[in-house]
1. Give me B:111, A:142, A:41 sorted ascending by neighbouring Cβ count inside 10 Å, so fewest comes first.
2. Would you mind checking the range A:131-153 for residues with the amide N under 16 Å from a putative spin-label position 7 Å along Cα→C-beta of residue B:99?
3. Between the range B:100-117 and the range B:251-271, how many Å separate their Cα centres?
4. Once Rh is set to the Kirkwood radius over Cα pairs, what Stokes-Einstein translational diffusion coefficient, in µm²/s, holds for the range B:80-194 at a temperature of 4 °C and a viscosity of 1.567 mPa s?
5. Per residue of B:119-131, what is the mean number of Cβ atoms on other protein chains within 10 angstrom of that residue's Cβ?
6. Given N residues in the range A:1-76, what is its alpha carbon radius of gyration divided by 2.2 N^0.38 Å?
7. What whole number of Å gives the distance from the Cα centroid of the range A:25-50 to the Cα centroid of the range A:183-240?
8. Provide a whole-number value for the mean count of partner chain Cβ atoms within 10 Å of the Cβ atoms in peptide B:172-178.
Ligand SMILES: Nc1ncnc2c1ncn2[C@@H]1O[C@H](COP(=O)(O)OP(=O)(O)O)[C@@H](O)[C@H]1O
Ligand SMILES: [Mg+2]
């Protein structure tokens, strides 16, 4: 059994890789959530063409594997569209990889959001119509806050899936923690240093910890949401003394 | 706090009771015709109770008035304004835009059989939502109005409670306060006591009685509470298979029905 502890220098390199992985994950997450919301709501639009485009996006984003999407964005898009949109040429791999993972997340996330919205009883929407809320207000104040309880658990799992997906960026020539591990492995093998197993075990533990932190954050969100369904206390309560019954 | 009371963006002071006028209204669900050629007039401030057997279209009448279902043909006017149509320069009618419908809809409020309170909002938050978000009433003012309405329905102590903590009767009283918060000219009540345990029916009927006595709103109620109908209705309409087969003041229609269907229906209800 090798010693599982790495040297401080090795941990510093892993830390650099981890930062790149988290940046990639963060960017993909923001794009993924945005696309999930827009497309998930679009799937239920009254306009047929909005529904059609949204459906097309979901089918595309879920049907294509993330590794292919990654290669398309990192390699094919710059070649195909570089002349028309010079912007894509100058982009670091991490930006294109974030877009690929974000689109991937958006496809699955949209279905989570659509499913959660249709799970809210129809009477809730009818009450918002009777109160004359406009469609955006209906979603924002009544439907989505309730749908969030349904959305959060699968969205947490999806985020962890995307974390796993970030490791693919190394294959497409991008830099992340997995790339750093590979680099370190290569130099260790070249120098004949032992401890490659320890290196991979450490990387695995770090991925595991990140996944647990994501889990905990989503759990925290769930508990915060659950509190909305409970009695208002403290600062969020309204003082009962302001009531002046019978104003007329 | 000490803002002048002219800051309210939209006037939600009582607009006063409005009339409801239906002409040749048709409504089908697939091959099932629920309303056909329905004409119905409700005067401003009138309290009309709609009765009839299950499936006779009572709920549908209220739902098309609240725009929860669209009509297939005919016209509905609320307070003299067309709900589903706009008048062109030549006086002809064309289908209304969503904006127009929203405008006219602001005069109408509805209370549902199953309350439909928002479970993630406290009682007062339920009541304040429309004034703050739809009418632009400042929060402080909306809170004051909301607490007055909760006081009116006897629910002040429960202002900070969420629907999950309330009994059916309490939920329905909050739902009534929520509907009143938009100051509707016409209020629709669809069997608002049917989902309640018998001992909770009275507290909700008391609130309806208060609204009726104030006389600021036109009320259209679907109910099986014949004693209550007799007490507050100006007019009772008997429906069967989507048609109004008999109407009259409660003293006449409920005591001395002319139509055989009305007689058998009232007999069946009385046996409960
Ligand atoms: N959304 C709907 N889709 C299909 N059928 C409906 C729908 N709403 C109501 N109906 C049918 O229309 C008829 C009248 O319903 P309703 O107005 O609810 O009657 P009531 O309130 O008098 O019991 C019933 O036969 C009912 O099944
Ligand atoms: Mg009904």
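1. Numbers: B:111 27, A:142 24, A:41 20.
By the 10 Å Cβ count, ascending: A:41, A:142, B:111.
2. A:134-135
3. 31 Å
4. 85 µm²/s
5. For peptide B:119-131, the averaged partner shielding equals 5.
6. On the way: Rg = 19.4 Å, N = 76, 2.2 N^0.38 = 11.4 Å.
That ratio works out to 1.70.
7. 25 Å
8. Average per residue, whole number: 1.
Every read-out reported here was derived from the displayed coordinates using simple, explicitly stated rules and does not represent laboratory data. Predicted model, so just to flag it, every value in this text is computed and none were measured. Quick reminder, even Gly has a Cβ in these numbers, built from the backbone with ideal geometry, and neighbours come from all protein chains shown.
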